[in-house]
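Only one structure is covered here, and it is reproduced in the block below.
Any read-out appearing in this document is the output of simple, stated calculations on the displayed coordinates, not a laboratory observation. Computed from a prediction, not measured in an experiment: that's the story for all the values here. Backbone-built Cβ (ideal geometry, glycine too); neighbour counts: all protein chains shown.
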Amino acid sequence: MLLLLVLTTTLLAQSTGLQAFAGSWAAEVKGQPLARLDLTIANGEIRGQLSLAGMHLDANGDVEAVIPEVGHTASIFDVTLRDGVLSFSAKDEDDTDGFEMRLVNGHATLTMVIDAAFRAELARDGIAVPRPITMARVSP
């Protein structure tokens with residue numbers, strides 16, 4: 001009985017935490033759409049779509065220009081919520097990209113998870129590591 005209570009409480013807490021992320025989130029750079037993340041909850045699981053335009057980064061890793069014709073839209077998968085961070089993956093052609101989303105003061109930050117090999121590849125090509133993207137909730 002105690003195990004069932006603990007399990008139910010854990011699932012309820014996770015579902016409640018997921019609710020904070022549910023909805024549509026968007027980011028723009030100089031009036032151009034950069035990213036959109038649509039998240040829904042069904043049967044206690046979060047599902048969604050990520051649309052991400054191509055981008056040109058400055059030397060600090062901030063997006064300075066959007067390249068819309070290079071973008072893609074993909075369903076997210078491998079979604080987990082741990083310690084207030086929503087982690088998920090999205091397929092980009094042959095690559096799988098990892099992301100982390102955090103809620104901060106009514107906004108969200110979307111960070112691309114970059115492993116050491118990709119980080120080294122970016123450095124060799126003289127490309128800065130992308131900094132987190134700030135997203136705002138989109139009104140329904």
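A few comments on the model shown:
- Largest GNM mean-square fluctuation across ALA65, ALA53, ALA123, computed for the chain with C-alpha springs under 10 Å, falls on ALA123.
- Lys/Arg +1, Asp/Glu -1 at C-beta; the stretch 2-137 dipole; positive extreme among GLY23, ALA74, ALA120: GLY23
- The stretch between ILE114 and THR73 holds 12.8 nm of extra length on full extension. This uses 0.36 nm per residue minus the Cα-Cα distance.
- Each of ASP115, ASP62, ASP97 was scored by other Cβ atoms within 10 Å of its Cβ. Arranged with the fewest first, they read ASP115, ASP62, ASP97.
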